[in-house]
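Please treat every number below as a calculation from the coordinates, not as lab data. Quick caveat, the model's predicted, so the values are computed rather than measured. No Cβ is skipped: glycine too gets one built from the backbone with ideal geometry, and neighbour counts run over all protein chains shown.
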Amino acid sequence: MIEPTLLSVKNLSVEYVTARGPVRAVDDVSFEIKKGEVFGLAGESGSGKSTAAMAVMRLLQPPALITAGSVRYEGREILAMSEQELRAFRWKKIALVFQGAMNALNPVLTIGAQIADVIETHEKVAFSLARERAVELLELVGIESSRLESYPHQLSGGMRQRVVIAIALALNPPLLFMDEPTTALDVVVQKEILQQIAELKQRLGFSILFITHDLSLMLEFCDTVGILYAGRLCEVAPAKTLFGAPKHPYTRGLMNSFPDLHGPKRRQTGIAGSPPDIRSPPTGCRFHPRCPDVIDVCKTATPPLISLGPTHLGACHRATADGGES
Amino acid sequence: MSEGPVLRVENLKKQFSVGGGFKQQQLRALNEISFELFAGEVIALVGESGSGKSTILKVLSRLEQPTSGKIFFRGEDLLRKEPRQASMSYRAQVQMIFQDPFGSLNPLHTVAYHLERPLLRHGRAKKGADLQQKVLELLTTVGLNPAEDFAQKYPFMMSGGQRQRVAIARALAVKPLIILADEPISMLDVSIRMGVLNLMDDLKRERGIGYLYVTHDIASARYIADRTMVMYAGHMVEGGPSEALLDAPAHPYTQLLLEAVPDPTGNIFRPLPAKSGSPQLVDPPPGCPFASRCAQVMDVCLKVNPAPIVLRRKDDPPGRFVRCHLFGDTQAQ
């Protein structure tokens, strides 16, 4: 069954203008999110995952500039929208859940007021009606309606994160961006919130762009995963495929960077070296200085993201040369 | 060195006073903490935030004074010998590594400076060529090559992993017996975490350093720690050899923690055996601190705080214990 594409990102590049010249934080990134799909962007700090998401929502401020690419939402070009069009578009079509719920909420307003505010602003309804919707939304994310009058500091971190999710869902958006939504939380709370999101997704049918550095979490939660390294996508595949048969050496290295919870103990190596400084990225394939399978061509030519299977994309000279064999 | 444990903690308790004026209340941060750490052994302390794992490190590094209990360091009663603050000798033998390698190094000073200070302060090197030599040796030990280059760098010129290696080198400068490591890899990029864990493991094997490794990442505890202790609400609720503990967790809380760990092959909808929630640490009720969340709660759990019980189920190795009423004399399950 082929679901229609909701969001299509093509050849997106973002540069930061600095005194020492432009720094390319997102380089030629393309991906699609289908209706009802959870698409994950995984990568280490500085890999460009948050910058890419902010670019798609047109939330980047100078010195960050979108220098190339196209972002289409149901066929409409987001990059060509005027400020006014964007105001109507954001939150209604794509809502955002930030990392760190504790900082996202206004400390001097009750959570009820903050949820109602979103509805009032966008839907021009009476305050009392917005309040009613707020109660429904709170119950949707598993918070008792009696909490409507609570201030953020009276809630636990997990509950605050649920409130932020309720605000994101306030206008019934077809697409939700979630940037490390559970990073600051304990594992039990994290699991509960993700279960709730997954359940709501099934019920309401929205799509999710999920951003995290935690690969286990990503593989468990997402349908399709894109791995970013130093601003470029190096592999895109269904989560199960990626876990079972990663093709890019970086992805394979990442898989070897998580200790096992079961099975025999073995020495694991992770990946040698450190992530590159994107102000002066390596030539050719950006992963080549750390790659165990490096060959000469990797040092000079940037590998394109090509098809390695029906649903599998990879950007590696070796994967191409070996016919995707590894 | 003596055969016994390097560190022995007996019935440690720590309470913090909270609130002010007439309504002063006691927050029970640690209760009945007892364990032994041997040379060349890694003990992991796992649990959620607020469980007391970092408080144990603070007490052992003498940044916090315990409310009661005893600490024996190399057989000597530490709190009697050094009641107010740690001696230079204790500080040299018990070192710390912190979570945030961005905050634990001084941005105005070079790497060399950070390593020279403890070397000189503790008399491990003489100024001049000897000092330089020892700094380079330390950098080589932690894998920062070429050492000459790294010695001249400032913290901002290095990645998080490299900074954490400097922090480890600084701890090693004084030749410690024990390193207290508080979430040393949680702020590092995923691809370099194993490198830092492996470095800690190598130092344990080569130098017999013992670690108390505080983490919320249970898989990393299994990877590096010989024994793992699970903390909940200031109690060690379960402990034992890491693999045995994680293969056959006994305490309902340990089971919950393990179920909640993200599993790449797992189904997100698999129900958890208990809900999230925070224990009452201020004026705690009697009974087991996990009773309010436990799915298998019994009457006795609300009245009596369970004492540690040695686990003797099938396949349980020596050293397995749990604090749970489900495991009475009969060793149920």
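When the charge dipole of chain A is built from unit charges on Cβ atoms (+1 for Lys and Arg, -1 for Asp and Glu) and taken about the Cα centre, the candidate among A:213, A:188, A:254 whose Cα reaches farthest toward its positive end is A:254. For the Cα atoms of chain B, what angle does the longest principal axis make with the long axis of helix B:111-121, in degrees from 0 to 90, nearest 10? For B:111-121 against chain B, the angle is about 80 degrees.
With Cα atoms as the point set, region B:69-140 shows a radius of gyration and Dmax of 15.5, 45 Å.
A dipole drawn for the protein assembly as shown from +1 and -1 charges on Cβ atoms has a positive end, and of A:119, A:245, B:150 the residue lying farthest that way is B:150.
Expressed as an acute angle from 0 to 90° and rounded to the nearest 10, what is the orientation of the C-alpha long axis of helix B:190-207 relative to the principal long axis of chain B? For B:190-207 against chain B, the angle is about 80 degrees. Taking the Kirkwood radius as Rh and the Cα radius of gyration as Rg, region A:139-185 has a ratio of Rg/Rh equal to 0.97. Using the structure shown, list the pairs from A:92/A:201; A:10/A:34; B:153/B:175; B:204/B:314; A:35/A:92 with a Cα-Cα distance above 21 Å, or answer none. From the list (A:92/A:201; A:10/A:34; B:153/B:175; B:204/B:314; A:35/A:92), the Cα-Cα distance tops 21 Å for B:153/B:175; B:204/B:314. Listed by Cβ neighbour count within 10 Å, with the fewest neighbours leading, A:149, A:220, B:64 appear as A:149, B:64, A:220.
The average projected area of region B:211-256, computed from the convex hull of its Cα atoms over all directions, is 3.1 nm².
Its residue count N sets the reference 2.2 N^0.38 Å, and the alpha-carbon radius of gyration of chain B equals 1.06 times that reference. Taking other residues whose beta carbon is less than 12 angstrom from the beta carbon of residue A:231, and scoring Lys, Arg as +1 and Asp, Glu as -1, yields 0. Mind grabbing the base-10 log of I(q)/I(0) for region B:33-73 at q = 0.20 Å⁻¹? Debye formula, identical points on the C-alpha positions, no solvent, two decimal places. So the normalised log intensities work out to -0.73. All Cα-Cα separations within region A:23-153 were binned at 5 Å from zero, giving a P(r) of 2, 8, 15, 18, 17, 15, 13, 9, 4, 0, each value a whole percent of the pairs.
Per residue, the convex hull spanned by the Cα atoms of chain A amounts to 155 cubic angstrom.
The modelled label-to-label distance between residue A:132 and residue A:67, using points 7 Å beyond Cα along the C-beta direction, is 5.3 nm. DSSP bridge analysis restricted to chain B gives an antiparallel fraction near 60%, rounded to the nearest 5.
Could you give the Stokes-Einstein D for region B:251-333 in µm² per second, using the C-alpha Kirkwood radius, 25 °C, 0.890 mPa s? Value of D from the Cα-based Kirkwood radius: 170 µm²/s. Note on region B:133-191: Rg/Rh from Cα positions, Kirkwood definition for Rh, rounded to two decimals, is 0.96. Within the straight-line cut-off of under 13 Å between alpha carbons, the aspartates and glutamates reachable from residue A:247 are A:235, A:293, A:322, A:325, sequence neighbours fewer than 8 places apart in one chain being disregarded. For the protein assembly as shown, the residue among A:276, A:128, B:167 whose Cα projects farthest onto the positive side of the dipole built from Cβ charges is B:167. Taking Cα centre as origin and charging only the Cβ of basic (Lys, Arg, +1) and acidic (Asp, Glu, -1) residues, the dipole magnitude of chain A rounds to 500 debye. Most simply put, region B:144-253 has about 55% antiparallel DSSP beta bridges, counting only bridges with both residues inside it. In summary, the lysines within cross-link reach of residue B:53, defined as a Cα separation below 18 angstrom excluding same-chain residues under 8 places away, comprise B:13, B:14, B:70.
Here is the size of region B:119-222 from its Cα atoms: Rg then Dmax, 14.1, 44 Å.
For the Cα atoms of chain B, what angle does the longest principal axis make with the long axis of helix B:129-141, in degrees from 0 to 90, nearest 10? Here the helix axis deviates by roughly 40 degrees.
For region A:11-60, the orientation-averaged shadow of the C-alpha convex hull comes to 4.1 nm² (one quarter of the hull surface). Charges at C-beta only: +1 for Lys and Arg, -1 for Asp and Glu. How large is the resulting dipole of the protein assembly as shown about its Cα centre, in Debye rounded to 20? Computed charge dipole of the protein assembly as shown: roughly 1400 debye. Would you mind telling me the antiparallel percentage of the DSSP bridges in chain A, rounded to 5? Given both bridge residues lie in chain A, the antiparallel proportion sits at roughly 60 percent. Once each part is reduced to its C-alpha centroid, what is the distance from region A:231-277 to region B:118-189 in angstrom? Using only Cα atoms to place each centre, the spacing works out to 28 Å. Note on residue A:10 and residue A:203: their simple-model spin labels are 3.8 nm apart, each label 7 Å out from Cα toward Cβ. Compactness ratio for region A:98-156: Cα radius of gyration over 2.2 N^0.38 Å (N = residue count) comes to 1.09. Counting only Cα atoms, region B:215-300 measures 37, 32, 21 Å along its principal axes, largest extent leading.
Note: relative contact order over chain B, using C-alpha pairs below 8 Å and six or more positions apart, is 20 percent.
Computed from the C-alpha gyration tensor, the three semi-axes of the ellipsoid equivalent to region B:56-212 are 27, 19, 14 Å, from longest to shortest.
Computed on region B:18-118, the Cα convex hull volume stands at 177 Å³ per residue. The dipole here belongs to region B:55-200: it is taken about the Cα centre, uses +1 on the Cβ of Lys and Arg and -1 on the Cβ of Asp and Glu, and is about 540 debye.
Each listed q (0.05, 0.06 Å⁻¹) maps to a log10 I(q)/I(0) for the protein assembly as shown from the Debye sum over equal C-alpha point scatterers, namely -0.26, -0.38. Give me the percent of Cα-Cα pairs in region A:86-222 that sit more than 18 Å apart, rounded to a whole number. Cα-Cα pairs in region A:86-222 separated by more than 18 Å: 52 percent.
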